[in-house]
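The numbers here are math on the coordinates, done by the rules we state, and not lab data. Quick caveat: nothing in here was measured; it's all calculated off a predicted structure. Neighbour counts run over all protein chains shown; Cβ positions are idealised from the backbone, glycine included.
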Amino acid sequence: MANNNAQPKKAGIAGLFRHQIMIPIAALMLLVLFNLIADPSFFKITLGNNSDGNPVLNGYLITIIDSGSELAILALGMTLVTAASGGQDISVGAGIAIAGSVLLRVLCGTETSPETLHAPVIVAFLVSCLVAMLFGAFNGSLVAFFKIQPMIATLILFTAGRSIAAWINNNQLPNVNEPSFSYYGTYIPGIPIPTPFFIALACFLVTWLLLRFTTLGLYVQSVGINEKTSRLNGLNPELIKLLTYILLGLCVAIAALIKVSRLQTINYSVIAKDIEMDAILAVALGGNALGGGKFSMSSSILGAYVIQFLTTTLYKFQVKADALPAYKAVVVIILVVMSAPAVREKLSMLIKKLRSEKPAAQNS
Amino acid sequence: MSIVKRRSGELKAPTKMTDTNLLTMITICVFVAMYIFAVLFLKKGFLKPQTFFNILNANAALIILACGMSLVMITGGIDISVGGVTALVSMSCAVYLDHKGGSLPMAILMAVGIGLAFGIVQGYLVAYLEIQPFIVTLAGMFFARGATTIVYNKPFNVANEDFVKLKATRILIPYMGTYNKRGKYIPAYIEIGVIVAIALAILLFVLLKWAKPGRNFYAVGGNRQSALMLGVNVKRTIFFSHLICGLMAGIGGFVYFMHVGSGSPQHASGAEMNAIASSIIGGTMLTGGVGNIIGTVFGVLSLALIQNIVSSAGLDDAWWTGITVAGMLCIFLVVQSIIIARRKKANAAAAKQ
Amino acid sequence: MQKDSLLEMRGIYKTFPGVKALQNVDFTLKEGEIHALMGENGAGKSTLIKVLTGVHVKDGGEIFVRGRENAVHINSPKQAQALGISTVYQEISLCPNLSVAENIFLARGKGIGVNWRNMNKKADELLKELGINVRGSQQLASCSIAVQQMVAIARAVDMECQVLILDEPTSSLDESEVAKLFVLMRKLKERGVGIIFVTHFLDQVYEVCDKITVLRDGKLVGEYEIEKLPRLQLVSKMLGKELDDMADIKNDSPTFKKTDDKPVYEGEGLCSSEGISPFDFKIHKGEINGFTGLLGSGRSECVRTIFGADKVTGGSVKIDGEPVKITKPRQAMKYGIAYLPEDRKRDGIVGDLSVKDNIILALQIKTGFFRPISKAKALEYANKYIDLLDIKTASVNTPIKSLSGGNQQKVILARWLLTEPKYLILDEPTRGIDVGTKVDIQKLMLKLASEGMSVTFISSETDEMLRTCSRLLVMRDRKLVGELTGDQLNQNTIMATIAGGDTNGEQ
């Protein structure tokens, strides 16, 4: 087809408006607007003291950047996995349970509530990273080498993960008494901004560096769009896919550290429940095609915070935690319907029609 | 052509088994092998027909859900809302029967209605607005789960008389009973849900095998673009696949409700994953175009059987169930992927000739 | 509508965002006529066909079909089928997971039941009648591409269509299969079926067609009787310019003088998992040689083995006389080999990526993971090759999939030229692209060779190869059966070598 000049030049502000980041931005605007009208106090941030007497910032916005951290970190890995393999990893919640369980196993040994830690946190964290990346590699090799659809391949760990987590600690729920362990999930004394936010920022920075100073982005996208071509151009698509799953494993371990640190313990069946759904939604809300290919990392990150914004807004309006998904679903459907190409086309046709009818009416 | 002929002689055309049939065969063989294994080595009553019937009784709802799921997967989609719909149906019916004093027929109608509503909305969004099925049904699942707790947020048993009577109805199977130690005859039985499940499975099987609309599901799953070019109404086919799946979820929800006799927000948690796993073990490919209802039914039974075997073997800890199911899924997926890869290679070689 | 017309399209308009694909196009098809629809890529042939078959809905104009009083509106493929318009597309549009019989009878007929036995029987009869060597019950995916194509035609034939559209049906058939197809087409013609034949092969047009309609840039150029439009005029009408360009390429056999004793590439006993017999191959600096043979004779597999695109199962390789190992594309790239694959859509383009990213892809992979090409540099490279190869694209950021076939091919060529290869393999670079680009690519090849690059060229059109190659390697039945140089380079010798000694086997 002669589509040579089909694509009008995208540039400047017009280009930004066509960029996929507009989808999460629009969603964010809607949420902000809604809260502004409903209750402007939503945006109030106050400085208070927590139970240990340390200064902390309070407010819904702080809650969002605090509890959205794990989601945003997961969204990083999920975006890469989605782009490279054209599918999603639904085992991240179970993965967090496993990584968290390993973390506690190393920290507490076999005791349920040890007086002193058995190993430094950093060692425990590295071990849990390793384990999470191994599980990521397991998922990745099923996807890359056995060519199993990602959702299905990760269904295995989704089903077994929480059982494995329980098995690692022999179904015990170890408790960490060391106060410094809680720093990762709550506040470092003297700093009023929650630590997870800093961890998330560090992750963003590392990701940015990775995308800026390596060719990961190009490789992942070309593997996601056309595997055969990528191979003929000297890439190893299997390896790239495997790599994205291992990177997601790393993200899972970091999220697990935050989650476990918040609670100082673990609950295998509840920890990070449904977070895989939120992470996938974050990627989708970021305007990334769930079928793989091109991606925008910043859109995914923003998408994650929009999801958290939505959650927090709903909590504020006294929606019970159990009922939360219903409201979330409605919002998600509205967003997705609005951004569906088919709907957009129809809308633009409608607008065109209205416009063309007006002059016609004036003429007659 | 002359070259091809010289190479391979006269009319070769080996009528190979289709992908669908091959995968179904594997599943059935594995099921039979596992059952024989259980009979030989575990002995804990696997020889009794009732053990098998109990598996059926406990999994009638899952069979219905998995059949609907297979249909959607054959067209190349997925529906992960079925577990949520099941919970919503159970809870709604429970509340309607006990708290609102509703009648049983109306409750059944309501169950079907809820399923149908999910099917229609999701089908419309997927087929006509072309939104990815995963996202649509993910939202559907969220919505159903949330709505369940909005309807009522605590588990409770239903006391409605008609319902209790219906729930307790057992269909006795002649000649299959056993004698207990004191020589008393214990008849074998199945629940009504099993009849419903088998009827629906047969209905769907016939639809998929011997009805033109049924073949359209395969065509759309095999190659959407081609199906369109061949004159199949692709959008309508996809819409109907979701509609039927929703309907099955509604009916399956009621069958589940009949089996457990209670409403709870925790009901059927993970049922969507079990349904997907059963379909896959039964030989349905998530890529679409390949699958078979018989395989799916055996997929459900295999899944249930392995859980039974594991607990009979003394591995009672809760986590073993999860791990074995996952292990089984893993093995099946790997075996399938190897078979498909080999086939592809053989086909590619054929195509090159 | 005229009496003997089957189909009349009047003043058809179709616009896509940013493109006027069809403007005021007329087209008439008479009873028992084979009518070629010609034009460069992007001329609007495909759009016209898609409008006719209901894949696209026209924006303006009228379509008349025999048997209908009024102008018809075709909104879906099904409607087109109901009007007796059947299509066989360039890319096989059948369902690989279904049986051959199902593919023939899908979405057809009354009633809702499927009678498998009856259907298979009917399919077998039909296939036998048309001389297609396959059973109805066989799964389509296990048939060769050529057979799949024939099945698609069988379906159309069985639909009792009055208008049969063949959209590049011959691009994946070998000569004897093409001949068979032509027999079939003539048979249908006698029955009074009108056939619209879209192809890039000029020979085929002059062999079977009665009339030619030429489109250019979405507009009608004209409708001609075949006898009244000689080849050169047809080409010039398609291109819209007089054709001295073609004359630029020398017609005498190219000769090649070795400048260096060591071959750039030398392989011995090469074979791959795709089942070709072990073959030896070498190429010198500045040489252009080519693999020829029928489709499926193994010519593509040979070059794929050289590049390591398929799994290499044996053989030894020397680059500039040094023994090396090449089993993966990455290794081949390291030694300065570049490969433009046969199937552009499947193996060549990365559809959603921009033209720029597509151009730098191979070079980027060659430079390595930790050394990304800077944005400025990438832009510079892209613009350089867009100018050099005259790639028609709105911008460097346009996704490659929205370019026309010829321009996509140029982008992939640019990608490989950017890696500055010593040895360039071009597998069917001219397939399915317009005449102008074909000439451009041939000229470029000669220029590159004169600058010292070695080139291996594969094309289905023998005259293209004769114009450029100084040595031809002939393949038959996945075996290297001959090597032709100098005076041997003519159509007759090539045909004889391809056919081989025992022509008795031919049927």
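Structural remarks
- Helical contribution to [θ] at 222 nm, DSSP H n ≥ 4, -39,500 (n - 2.57), averaged over chain C, rounded to 500: -10000 deg cm²/dmol
- 19 Å Cα-Cα reach of B:Lys344 towards lysines, excluding residues that sit fewer than 8 places from it in its own chain: A:Lys147, A:Lys228, B:Lys12, B:Lys16, B:Lys352, C:Lys311
- For residues of B:323-330, the mean tally of beta carbons on other chains within 10 Å: 6
- Kirkwood hydrodynamic radius (C-alpha pairs) into Stokes-Einstein, the range C:259-390, 10 °C and 1.306 mPa s, D in µm²/s: 96
- Computed over Cα pairs, the Kirkwood radius of the range B:102-231 leads via Stokes-Einstein (0.692 mPa s, 37 °C) to a diffusion coefficient of 170 µm² per second.
- Low-density loop positions, trypsin sites (Lys or Arg not before Pro), the range B:102-177 - DSSP coil, at most 10 other Cβ in 10 Å: none
- Members of C:Lys20/C:Lys187; C:Lys110/C:Lys180; C:Lys219/C:Lys392; C:Lys30/C:Lys228 lying beyond 27 Å, as alpha-carbon distances in this model show: C:Lys20/C:Lys187; C:Lys110/C:Lys180
- Considering helices alone, the calculated mean residue ellipticity of chain A at 222 nm is -22500 deg cm²/dmol, with DSSP H runs of length four and up weighted by -39500 (n - 2.57) and normalised per residue.
- FRET efficiency, A:Leu134 to C:Met495 (Cβ-Cβ, R0 51 Å, nearest 0.05): 0.25
- The range B:279-308 and the range C:147-202: distance between their alpha carbon centers, rounded to Å: 42
- Nearest 10 degrees, 0 to 90: helix A:150-168 Cα axis against chain A principal axis: 20
- Counting every other Cβ atom within 10 Å of each residue's Cβ, A:Met78, B:Met229 order from fewest to most as B:Met229, A:Met78.
- Chain A - percent relative contact order, Cα under 8 Å, separation 6 or more: 29
- C-alpha center-to-center spacing [the range B:120-147, the range A:105-119] in angstrom: 45
- Each of C:Ile373, C:Trp416, C:Thr393 was scored by the projection of its Cα onto the charge dipole of the range C:345-420, and the greatest displacement toward the positive side belongs to C:Ile373; charges sit on the C-beta of Lys, Arg, Asp and Glu.
- Partner aspartates and glutamates whose Cα lies under 12 Å from the Cα of C:Lys345, excluding those fewer than 8 positions away in the same chain, are identified as A:Glu227, C:Glu91.
- One equal scatterer on each Cα of the range C:350-436, no solvent, Debye formula: the resulting log10 I(q)/I(0) at q = 0.13, 0.15 Å⁻¹ is -0.39, -0.52.
- Cross-link reach is defined here as a Cα-Cα straight distance under 22 Å, omitting same-chain residues fewer than 8 places apart; for B:Lys165 the lysines meeting it are B:Lys100.
- One way to sum up the overall shape of chain C is the equivalent ellipsoid from its Cα gyration tensor, whose semi-axes run 40, 27, 23 Å, largest first.
- Helix A:341-363 and the longest principal axis of the Cα set of chain A meet at an angle near 30°.
- With a Cα cut-off of under 19 Å and a minimum spacing of 8 residues unless on different chains, the lysine pairs in the range C:403-507 number 7.
- Residue list for the range B:141-159, given a label point 7 angstrom along the Cα-to-Cβ vector of B:Leu104 and an amide N cut-off under 17 Å: B:158-159
- Computed over the range B:206-281, the P(r) curve from all C-alpha pair distances, binned at 10 Å from the origin, holds 16, 37, 28, 15, 3 percent per bin.
- Inter-chain Cβ neighbour count for B:286-294, averaged per residue, equals 2 (cutoff 10 Å, partner chain atoms only).
- Note on A:Asn175/A:Phe317: beta-carbon distance plugged into 1/(1 + (r/R0)^6) with R0 of 22 Å gives a FRET efficiency of 0.05.
- Exposed GluC sites (Glu not before Pro) absent - longest run of chain A, DSSP non-H/G/I/E/B, at most 13 other C-beta within 10 Å: A:116-364
- Normalised by residue number, the volume inside the convex hull of the Cα atoms of the range C:410-507 is 125 Å³ per residue.
- Alpha-carbon geometry of the range B:127-174: the Rg and the Dmax are 18.5, 52 Å, given in that order.
- Neighbour-count ranking [beta-carbon atoms within 10 angstrom, fewest first] of C:Glu102, C:Glu342: C:Glu342, C:Glu102
- From the largest down, the range C:314-364 spans 39, 21, 13 angstrom on the principal axes of its Cα atoms.
- For the protein assembly as shown, the share of DSSP beta bridges that are antiparallel, to the nearest 5, is 60%.
- Percentage relative contact order, chain B, counting C-alpha pairs under 8 Å, at least six apart: 33
- Extension gain for A:Asn54-A:Ala342 works out to 98.4 nm (0.36 nm per residue, less the C-alpha to C-alpha distance).
- Taking max minus min of the alpha-carbon positions on each principal axis, the range A:35-175 gives extents of 53, 46, 23 Å, largest first.
- For the segment C:173-179, counting C-beta atoms of other chains within 10 Å of every residue's C-beta and taking the mean gives 2.
- Spatial extent of the range A:25-318: Rg and Dmax, with the Cα atoms as the point set, Å: 19.3, 62
- Label sites at A:Arg212 and C:Asn24, each approximated as a point 7 angstrom past Cα along Cα to Cβ, lie 5.6 nm apart.
- Dipole of the protein assembly as shown, positive end: most advanced residue of A:Ala202, A:Ala94, C:Met495 [Cβ charges, Cα centre]: A:Ala94
- Of the GluC sites (Glu not before Pro) in the range C:436-479, the ones in a loop by DSSP (not H, G, I, E or B) with at most 13 other beta carbons within 10 Å are C:Glu451.
- For the range C:5-246, the Rg and Dmax computed from alpha carbons only, in angstrom: 18.1, 61
- Note on B:Lys344 and A:Arg355: their simple-model spin labels are 4.5 nm apart, each label 7 Å out from Cα toward Cβ.
- Whole-number D in µm²/s for chain B (Stokes-Einstein; Kirkwood sum over Cα pairs; 37 °C, 0.692 mPa s): 152
- Placing a pseudo-label 7 Å from each Cα along the Cα-to-Cβ vector at A:Ser269 and B:Phe156 gives an inter-label distance of 2.2 nm.
- FRET efficiency for C:Lys447 and C:Lys377, using Cβ-Cβ distance with R0 set to 25 Å, rounded to 0.05: 0.50
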